[in-house]
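**Q** Starting off with a structure, shown below.
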Amino acid sequence: MDFLFELNLPTAPEGSRDVSGTLYRELKAAIINGRLVPGIRLPSTRKAPAILHVSRNTAQDVYERLAHDGLVSARRGSGTYVASPDYPVRPSGKAAQNNERDHRLRDFWLRNDVASALGFWHEISEPSLPSRIDLRPALIDPKLFPFAIFRQGMAKQLRLLETRPSSFKSPQGNQGSFQLRHCIAEHIALTRAVACHHDDVLVTSGAQQAFDLIARTLVEPGKTIVAVEDPGYPPMRVAFMAAGAELVPVPVDEEGIIVDAIPPGAGIICVCPSHQFPLGMSTSPARRRALIELARSRGAVIVEDDYDGEFRYDGSPIQALRTEASNDVIFYVGTFSKCMLPSLRLGFIVPPPWALRSLIAAKNCIDWHCPVPIQMSVAAFIRDGHLARHVRRMRRIYRGRRDLLLRLMGGNLAQWFRPIPSYYGMHVTALAEDIDCEAISAQLAGRGVQLHSLHRYHLGTERRNGLVFGYGTANEEHLRQVLHDLRELAGRF
């Protein structure tokens, strides 16, 4: 197999008697300094004259010396590869000192709270223990996704790109593929009652980029105040903090965000009205009306995060906060991470008409547009009905898991935990009073179980104590085992 090997290695002077020694020292230094990483294949001895500028026999001699040092290994019929040394690799140059603050770095990205928020799914307890059961929220089980169908659709779209390559300006104005935006508009109209035209949609690299774009276009550093639900979704906060906004936590109750507690100067209000993250309640109609009226009266905007609105189990559908009557103040953010795959890195914004042009400019500044083949493949997946079938299937699976979880918690765990009623999504939160849920989370981690307490979701004063049970990746056997362990641990308090 041909490959590129263009490492500039100094050679011995012409006429030198130490050609072999020079090459040996240079290759050894390159391996120790990390320029040649483990797994890289070295040039074959047959190509040594052209690439390493030494004879074949000299290269063979050097490789044998490096193998004796444990720096390379020969694979029969394959070649010579850089091995993993028994000692730490010494980075070349002045490598980054991870424990030191460099004055050239912006202090914001060195803050512990920022690292903690962006490391939302990273566990502190027992980091070396492999996870046996994962009950973290907002995760999906990729084994349940119809990869074969999606792979066929993607192959077809790649063939179309071969015959009809995209122009430099494609997708349309870098707003996103026309086909995908058309499918998104139809999808959210049918599932979330969001009335919009495909020209109202901006395709993003997931919901996180959507939050970042909104923050870039709306926040004035040091002036803008952003009201966020507390508890809430930590990674979303970082986008607004990084843009220079002041974040103010606003409490929520059984009807959703407490509108009267939103500070007077808040110019941006971030909410999850259909399925509050992480508590799970839906914002009541009265609160929705009050929230929209408040935003209009103050000249503020609302960022609606509809992260898992496709998965409804009980009662009548709850439409999105964004309607035709409220589209002047609401930035509607959706994602394909929950209903399809997070690795697709696709989301979208349906903003007020007055903000679309600036959002497109900000998106183009970051990365022009999302990958065209992925956009076309997702559009075909939706258009051909595969997304609707997948969502219906996952609703049945998730509902079964949710119902089992609630039944088990309604038994001998009822004395410690009170589940919050939730009719949407992929997780249920249960509140507790006289139990240290953070300690329980740590003890479960020691058993290979990942289960979040509410502690990591708060920005301000912790008003609630509880556990967040995500059932996106946990099957019924996992749920039974975890709740059995939880019953045992709770009984010790």
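Just so you know, all these numbers are worked out from the coordinates, no wet-lab data involved. Predicted model, so just to flag it, every value in this text is computed and none were measured. Cβ: placed from backbone, ideal geometry, glycine included. Neighbour counts: every protein chain shown.
**Q** Assuming a ≥ b ≥ c are the square roots of the Cα gyration tensor eigenvalues, decide whether segment 281-436 counts as rounded (a/c under 1.5), prolate (otherwise, with a/b larger than b/c) or oblate.
**A** Verdict is oblate for segment 281-436.
**Q** Related question: If I model a spin label at Arg392 and Ser55 as a point 7 Å from the Cα along the Cα→Cβ vector, what separation in nanometres do I get?
**A** Here the answer is 7.5 nm between the modelled labels.
**Q** Given Cβ point charges of +1 (Lys, Arg) and -1 (Asp, Glu) and nothing else, what value in debye, to the nearest 20, does the dipole of the chain about its Cα centre take?
**A** The dipole magnitude comes to about 1500 debye.
**Q** Can you give the Rg/Rh ratio of segment 196-265, where Rg is from the C-alpha atoms and Rh is the Kirkwood radius?
**A** 1.02
**Q** Let me make sure I get this right: for the chain, a, b and c are the square roots of the gyration tensor eigenvalues over alpha carbons, sorted descending. Under 1.5 in a/c it's rounded, otherwise prolate if a/b > b/c, else oblate. Which is it?
**A** prolate
**Q** Hey, what did segment 1-93 get for relative contact order, percent, Cα under 8 Å, at least 6 apart?
**A** 30 percent
**Q** Determine, for Leu135, Leu479, Leu190, the number of other Cβ atoms within 10 Å of each Cβ, and report the residues in order from fewest to most.
**A** Leu190, Leu479, Leu135
**Q** Mind checking the full-extension length gain between Ala29 and Leu406? Use 0.36 nm per residue of separation minus the Cα-Cα distance, one decimal, nm.
**A** 129.7 nm is the gain from fully extending Ala29 to Leu406.
**Q** I want the antiparallel fraction of DSSP beta bridges within segment 165-386, as a percent rounded to 5.
**A** 35 percent
**Q** Mind checking which aspartates and glutamates have their Cα closer than 16 Å to the Cα of Lys223? Skip sequence neighbours fewer than 8 apart in that chain.
**A** Filter leaves Glu246.
**Q** Per DSSP H run of n ≥ 4, the term is -39500 (n - 2.57); total these for the chain, divide by its residue number, and report the mean residue ellipticity at 222 nm rounded to 500 deg cm²/dmol.
**A** Helix-only estimate at 222 nm: -11500 deg cm²/dmol.
**Q** Please enumerate, by chain and number, the aspartates and glutamates with C-alpha under 15 Å from the C-alpha of Lys143, excluding those fewer than 8 residues away in the same chain.
**A** Those aspartates and glutamates meeting the cut-off are Asp134.
**Q** Shape call for segment 361-440 from the C-alpha gyration tensor, a ≥ b ≥ c root eigenvalues: rounded (a/c under 1.5), prolate (a/b greater than b/c) or oblate?
**A** In terms of gyration-tensor shape, oblate.
**Q** Using the Cα centre as the reference, give the magnitude of the dipole from point charges on the C-beta atoms of segment 251-373 (Lys, Arg: +1; Asp, Glu: -1; all else neutral), rounded to the nearest 20 debye.
**A** 400 debye
**Q** Would you give the gap between the C-alpha center of segment 313-364 and the C-alpha center of segment 425-493, rounded to a whole Å?
**A** Here the answer is 30 Å between Cα centres.
**Q** Between Ala439 and Arg289, how high is the FRET efficiency from 1/(1 + (r/R0)^6) when r is the Cβ-Cβ distance and R₀ = 60 Å? Nearest 0.05.
**A** So, using R0 = 60 Å, E works out to roughly 0.90.
**Q** Something else: Antiparallel DSSP bridges in segment 255-412: what percent, to the nearest 5?
**A** Here the antiparallel bridges make up roughly 35 percent for segment 255-412.
**Q** Considering all alpha-carbon pairs of segment 165-386, what whole percent are spaced by more than 23 angstrom?
**A** Result for the distance tail: 43 percent.
**Q** Let me check against my output: what whole-number percent is the relative contact order of segment 165-386, with C-alpha pairs under 8 Å and at least 6 apart?
**A** Across segment 165-386, relative contact order equals 26 percent.
**Q** Another question about this same structure. I'd like the antiparallel share, as a percent to the nearest 5, of DSSP beta bridges with both residues in the chain.
**A** Antiparallel: roughly 55 percent of the beta bridges in the chain.
**Q** Near Ile292, within a Cβ-to-Cβ distance under 14 Å, what is the net charge of the other residues, with Lys and Arg +1 and Asp and Glu -1?
**A** In short, +2.
**Q** Let me check against my output: what whole-number percent is the relative contact order of the chain, with C-alpha pairs under 8 Å and at least 6 apart?
**A** Worked out over the chain, it gives 17 percent.
**Q** Hey, another quick one. With a cut-off of at most 15 other beta carbons within 10 Å, and DSSP calling the residue loop, which chymotrypsin sites (Phe, Trp or Tyr not before Pro) in segment 139-228 qualify? Please list them.
**A** In loop regions of segment 139-228 (DSSP not H, G, I, E or B), the sparsely surrounded chymotrypsin sites (Phe, Trp or Tyr not before Pro) are Phe168.
**Q** Taking the alpha-carbon distance from Lys338 and a cut-off under 12 Å, which aspartates and glutamates remain once sequence neighbours fewer than 8 residues away in the same chain are dropped?
**A** The qualifying aspartates and glutamates are Asp141, Asp306, Asp308, Glu310.
**Q** Using R₀ = 56 Å, calculate the FRET efficiency as 1/(1 + (r/R₀)^6) where r is the Cβ-Cβ separation of Glu64 and Thr461; round to 0.05.
**A** 0.25
**Q** Given points 7 Å out from each Cα along the Cα-Cβ axis, report the Arg104 to His122 separation in nanometres with one decimal.
**A** About 2.3 nm separates the two model spin labels.
**Q** Does anything in segment 279-297 have its amide N under 14 Å from the 7 Å Cα→Cβ label point of Asp328, and if so which residues?
**A** Inside the label zone: 292-297.
**Q** Report the full-extension gain for the segment Ala261 to Asn8: residue separation times 0.36 nm, less the Cα-Cα distance, to one decimal in nm.
**A** 84.7 nm
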